[in-house]
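The values are calculated or read from the model by the stated rules, or taken from the named source; none is laboratory data. Treat the numbers as computed from the prediction; the structure is a model and nothing was measured. Note that we place each Cβ from the backbone using ideal geometry, even for glycine, and neighbour counts take in every protein chain shown. In case anyone asks, the SASA skips ligands and DNA or RNA and just uses the protein heavy atoms, side chains included. Shrake-Rupley method; radii C 1.70, N 1.55, O 1.52, S 1.80 Å.
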Amino acid sequence: MVKNTQNKELQRGLEERHITLMSLGAAIGVGLFLGSSTAIQTAGPGILVVYAIAGLIMFFIMRALGEMAIQKPVAGSFSQYSHDYLGPLAGYLTGWTYWFLWIATCMAEITAVGIYMQYWIPDIPRWIWSLAALLLMSLVNFLAVKAYGELEFWFALIKIVTIILMIVSGAGMIIFGFGNGGIATGIHNLWSHGGFFPHGINGLLMSMQMVMFAYLGIEMIGVTAGEVKNPQKNLAKAIDNVFWRILIFYVGALFVIMSIYPWNEIGSKGSPFVLTFEQLGIPAAAGIINFVVLTAALSSCNSGIFSTARMLFNLAENGDAPKKLGGVTKNGIPGFAVICSAVVLLMGVLLNYVVPAKVFTWVTSIATFAAIWTWGIILLSQIAYRKNLNSSEKKTLKYKVPFFPLSSYISLVFLAFVLVVMAISPDTRIALYVGPSWIILLIAFYFLTGLHKKNSKDRIKEEHIS
């Protein structure tokens, strides 16, 4: 059990399979099913290289998070670590920015639910489905954490099985010609339409924002740290497994898709996943994939409400949010924090009245800025954490970042580079207006409300006690 400052407890009900599938469920969503088409059109087959490089950076970030989480498994995770190792202001900014990240992402997800449901029942207005999805996922978050983890496990499994089936059946088409009259398609489509890098280095750079958005959610393992059984064993295993599985799913799925279909046709003829299953002679392919992407959107929204509630809980523990948000139900759920996040998400229902064509790009780029902030803070916290350890403590670390400190600094430079690229593109530039404005607003609130004085007093007390 994990006690908070109000002598109430979060339950340790999540097992390794739960947190692995929860992180996979959070990361495998619109980034793959919807965002990948945009990324492919921008970079061509060379997008595989971008996913692989970004995946390596995410591996270092996840190991940095794991190094701290295994030594100190707490609710709020990186918000708490930044509070402890970088100072109260960093913890405050990170907690609220991660909350903001998932609010933006969940708004996109519940809007997507409305779009997917109209495939079957077009007469019911989209906003009604979005509202129903929000209410359902909010209620799910009031279940005991083990029941919540079980539901999310099956949500994520639907997506994963679909992707594996597509990779296996697509490989059969590439090698043996299954679904193609026995004629093997081979992989020549990867270079036959303008080369492997048809848009050159510029195409690769412009695709980076959507690629990084695709990896958003993988860090959710850290948020579950306060509710994981046997964190030392399960967190380490889950972190390594999630990274490799996501890399295989993204790179493997896109390799198969672009081998079977010319990359310049993907996105113009419907979902690449639908095309692949239709090619295999499955007439209900469109309906099957629509069901899968519906569960993907619900799963990501589910994970988002879970994450936002835990961040609000942690902020309340540190005095950076109202104390009520630190309360838990009899089931050990931060109930008031769940309700607050759900109320803010009603804005996503409202967006269904006024969603223009570019909202998806805007929302994903804003979420990507918040994710880059979070990932950067994880790296900076881990660097500061290592500096605070003496030589004997460093030797006894059970889970280390490979090639430290070089890997941590290279990862920070890469994240900064992605922000520069986002500033260049007119479509993603809005994130560089909204993101920093959000940070400035938080800082102003922090000092105007006197939180800085309270945190200074708390820190002096802690130092005096220690």
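Which one is farthest from SER82 (Cα to Cα) among residues in the range 436-466 that are at pLDDT 85 or above and of a type in the set (Gly, Ala, Ser)?
Here is the first cut: in the range 436-466, the ones at pLDDT 85 or above are 436-448.
Right, trim to of a type in the set (Gly, Ala, Ser) and you get 437, 444.
Values: SER437: 21, ALA444: 19 Å.
Result: SER437.
ALA144 - would you say it is more than 20 Å from LEU216 (Cα to Cα), open to solvent by less than 60 Å² (accessible area, probe 1.4 Å) and either in contact with a Pro (Cβ under 9 Å, 6 or more places away or on another chain) or modelled with pLDDT of 80 or more (or both)?
Details: more than 20 Å from LEU216 (Cα to Cα): yes; open to solvent by less than 60 Å² (accessible area, probe 1.4 Å): yes; either in contact with a Pro (Cβ under 9 Å, 6 or more places away or on another chain) or modelled with pLDDT of 80 or more (or both): no.
In short, no.
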Working carefully through the options ILE115, ILE121, find the one that is part of a helix (DSSP H, G or I), without any contact (Cβ under 8 Å) to a residue 40 or more places away in the chain and surrounded by fewer than 21 Cβ atoms within 10 Å (Cβ to Cβ).
-> ILE115
Subset of the range 185-218 that is in a helix (DSSP H, G or I) and of a type in the set (Gly, Ala, Ser) - its residue that is nearest to PHE59 (Cα to Cα) = ALA214
Could you check, for the range 212-220, whether at least one of its residues is at negative phi, aliphatic (A, V, I, L, M), open to solvent by 10 Å² or more (accessible area, probe 1.4 Å) and touching a Gly at 6+ places or on another chain (Cβ under 9 Å)?
-> no
Criterion: aliphatic (A, V, I, L, M), farther than 24 Å from ASN331 by Cβ, touching a residue at least 60 places away in the same chain (Cβ under 8 Å) and touching a Ser or Thr at 6+ places or on another chain (Cβ under 7 Å) - qualifying residue of ILE70, ILE57 = ILE57
Please find, within the range 146-184, the residue that is nearest to CYS301 (Cα to Cα) out of those that are among the small types (Gly, Ala, Ser) and assigned to a helix (DSSP H, G or I).
-> ALA156
Return the only residue of ALA444, ALA384 being in contact with a helix residue (DSSP H, G or I) (Cβ under 6 Å, 6 or more places away or on another chain), farther than 27 Å from SER300 by Cβ and part of a helix (DSSP H, G or I).
-> ALA384
GLY195 passes all but one of (1) modelled with pLDDT of 85 or more; (2) surrounded by 24 or more Cβ atoms within 10 Å (Cβ to Cβ); which number fails?
-> (2)
Taking the range 228-262, which residues are part of a loop (DSSP other than H, G, I, E, B) and at pLDDT below 75?
-> LYS229, ASN230
Could you look through the range 326-356, keep only residues that are at pLDDT below 70 and of a type in the set (A, V, I, L, M), and pick out the one that is surrounded by the fewest Cβ atoms within 10 Å (Cβ to Cβ)?
-> VAL354
Scanning for something touching a Gly at 6+ places or on another chain (Cβ under 8 Å) and either part of a loop (DSSP other than H, G, I, E, B) or within 24 Å of ALA284 (Cβ to Cβ) (or both), does the range 127-139 turn up at least one residue?
-> yes
What's the number of the condition LYS400 fails, among (1) touching an Asp or Glu at 6+ places or on another chain (Cβ under 8 Å); (2) open to solvent by less than 80 Å² (accessible area, probe 1.4 Å); (3) of a type in the set (D, E, K, R)?
-> (2)
Can you run down the residue pairs with Cβ atoms below 6 Å, 6 or more apart or on separate chains, where the first is in the range 407-436 and among the hydrophobic types (A, V, I, L, M, F, W, C) and the partner is open to solvent by less than 50 Å² (accessible area, probe 1.4 Å) and not in a helix (DSSP H, G or I)?
-> MET422/THR428
Index of the failed condition, LEU136 passing every other in (1) among the hydrophobic types (A, V, I, L, M, F, W, C); (2) at pLDDT below 85; (3) open to solvent by 10 Å² or more (accessible area, probe 1.4 Å); (4) under 20 Å from PHE336 (Cβ atoms) | (2)
Those residues of the range 93-111 which are more than 15 Å from the chain's Cα centre (by Cα), aliphatic (A, V, I, L, M) and either open to solvent by 10 Å² or more (accessible area, probe 1.4 Å) or more than 30 Å from VAL293 (Cα to Cα) (or both) amount to LEU93
Give the residue, chosen from ALA69, ALA64, ALA90, that is assigned to a helix (DSSP H, G or I), open to solvent by 10 Å² or more (accessible area, probe 1.4 Å) and aliphatic (A, V, I, L, M).
-> ALA90
Return yes or no: is ILE410 at pLDDT 85 or above, open to solvent by 40 Å² or more (accessible area, probe 1.4 Å), of a type outside the set (D, E, K, R) and more than 27 Å from GLY66 (Cα to Cα)?
-> no
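Please work out which residue is nearest to PHE176 (Cα to Cα), limiting yourself to the range 276-303 and to residues that are small (Gly, Ala, Ser) and under 21 Å from the mean Cα position of the chain (by Cα).
ALA296
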Being at positive phi, surrounded by 16 or more Cβ atoms within 10 Å (Cβ to Cβ) and modelled with pLDDT under 85 narrows GLY179, GLY149 down to just GLY179
Counting only residues that are within 18 Å of the chain's Cα centre (by Cα) and not β-branched (Val, Ile, Thr), which one in the range 415-437 is most open to solvent (accessible area, probe 1.4 Å)?
-> LEU419
